Amino acid sequence: VRGTAAILSGSTGIIDPVQLTESLVAAARAIGAEVVCSAEVRAIRDDRGGYALETTRGDLGASAVVNAAGLWADDVARLAGITAYTLHPCRGDYYRLKKRIPVERLVYPVKKSGSAGLGVHLTLDLGGNMKLGPDAYYVDTKRDQADPPEAKRAAFAASAARILEGIRAEDLEYDTFGIRPKLRSPSDKEEKDFVIAEDKPRFVNLVGIESPGLTSALAIAEEVEAMLT
Ligand SMILES: Cc1cc2nc3c(=O)[nH]c(=O)nc-3n(C[C@H](O)[C@H](O)[C@H](O)COP(=O)(O)OP(=O)(O)OC[C@H]3O[C@@H](n4cnc5c(N)ncnc54)[C@H](O)[C@@H]3O)c2cc1C
């Protein structure tokens, strides 16, 4: 690893996000919650002091709504007549490292002031697979699916080589991408913080919950619980 100095974060860890979510679903069901998956909310209206939600799996009545729709949280808020939010899709690509390097921890560069992402960093999953990324660039649509141009592999390798010795473009293979829900527009100079707001009675919007939203999920849930009880 290249660098002048480093901070070791000894108490951070890696989790499997799918397993974490499944475990939270199981915990919720164990205390009586009904979890309805694949039910897209299409319309929301005020209904007798609560809300009526029209979904692709039928209608639901709710005494409280927590809008945690990620990239679509601004659109879901709009369904309830809240027009204050616009999310800007900001994509991040990952490249897989084809060779193993003797590094056992996640390695991050120092974030550049004003940049939209942390900078290309080394990520390990629970299986020890290594990925570089994500980078950060705004895209025109939340449904962007385009493959990155081939030239990007070399640019990515050059960026990774700033923190890891001996990384070359041929060591990388395109892996996957994610799209961040950014409240910060491409022309804004600084990052915008998460919004956790009860914009209508018992209607809480979680907007712009990008990284580290997963790490913060339980703390955000506690804050929402305090708002609603
Ligand atoms: C590339 C990348 C890397 C990241 N790395 C990290 C990391 O290392 N650590 C970390 O803490 N965080 C990380 N994050 C951020 C983390 O993934 C998010 O903060 C977190 O997933 C936000 O959770 P959420 O529930 O608000 O939204 P999401 O996880 O996006 O979930 C929103 C859900 O709402 C659903 N939905 C949308 N519209 C509707 C609708 N109309 N009706 C019903 N459902 C709807 C969606 O289908 C989805 O299931 C990363 C994000 C990206 C993109």
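The values are calculated or read from the model by the stated rules, or taken from the named source; none is laboratory data. Keep in mind the model is a prediction, meaning the values are calculated, not measured. Neighbour counts run over all protein chains shown; Cβ positions are idealised from the backbone, glycine included.
Just wondering, is there one or more residues in the stretch 144-164 that are within 17 Å of the chain's Cα centre (by Cα) and free of Cβ contacts under 8 Å to residues at least 12 places away in the same chain? Before you say what the answer is, go through the steps one by one.
First, the residues of the stretch 144-164 that are within 17 Å of the chain's Cα centre (by Cα): 144-145.
Narrowing further to those that are free of Cβ contacts under 8 Å to residues at least 12 places away in the same chain: 145.
Yes: one or more hits.
Residues in the stretch 72-90 that are crowded, with 19+ Cβ neighbours inside 10 Å and either under 26 Å from residue 136 (Cα atoms) or free of Cβ contacts under 8 Å to residues at least 24 places away in the same chain (or both): 73, 74, 76, 77, 85, 87, 88, 90. Taken over the stretch 44-70, the criterion of being surrounded by 11 or more Cβ atoms within 10 Å (Cβ to Cβ), within 10 Å of the ligand (Cβ to nearest atom) and in a strand (DSSP E or B) is satisfied by 44, 53, 55, 66, 67.
For the stretch 184-201, the condition holds for at least one residue, the condition being that it is in a loop (DSSP other than H, G, I, E, B), away from the ligand (no atom under 16 Å from the Cβ), free of Cβ contacts under 8 Å to residues at least 12 places away in the same chain and acidic (Asp, Glu).
Tell me which of these residue 102 doesn't satisfy, since it passes every other one: (1) without any contact (Cβ under 8 Å) to a residue 40 or more places away in the chain; (2) at positive phi. It fails just one condition, (2).
Does any residue of the stretch 212-222 turn out to be part of a helix (DSSP H, G or I), closer than 22 Å to residue 106 by Cα and within 14 Å of the ligand (Cβ to nearest atom)? Scanning the stretch 212-222 turns up at least one residue that is part of a helix (DSSP H, G or I), closer than 22 Å to residue 106 by Cα and within 14 Å of the ligand (Cβ to nearest atom). If you take the residues in the stretch 123-174 that are exposed (fewer than 14 other Cβ atoms within 10 Å of the Cβ) and among the polar types (S, T, N, Q), which one is farthest from residue 75 (Cα to Cα)? Once the filter is applied, the top-ranked residue is 129. Before we move on, is residue 120 within 23 Å of residue 8 (Cα to Cα), modelled with pLDDT under 90 and either crowded, with 19+ Cβ neighbours inside 10 Å or touching a helix residue (DSSP H, G or I) at 6+ places or on another chain (Cβ under 9 Å) (or both)? For residue 120, the condition - within 23 Å of residue 8 (Cα to Cα), modelled with pLDDT under 90 and either crowded, with 19+ Cβ neighbours inside 10 Å or touching a helix residue (DSSP H, G or I) at 6+ places or on another chain (Cβ under 9 Å) (or both) - is met. Here residue 229 passes the criteria (1) more than 14 Å from the ligand (Cβ to nearest atom); (2) in contact (Cβ under 8 Å) with a residue 12 or more places away in the chain except the one numbered (2).
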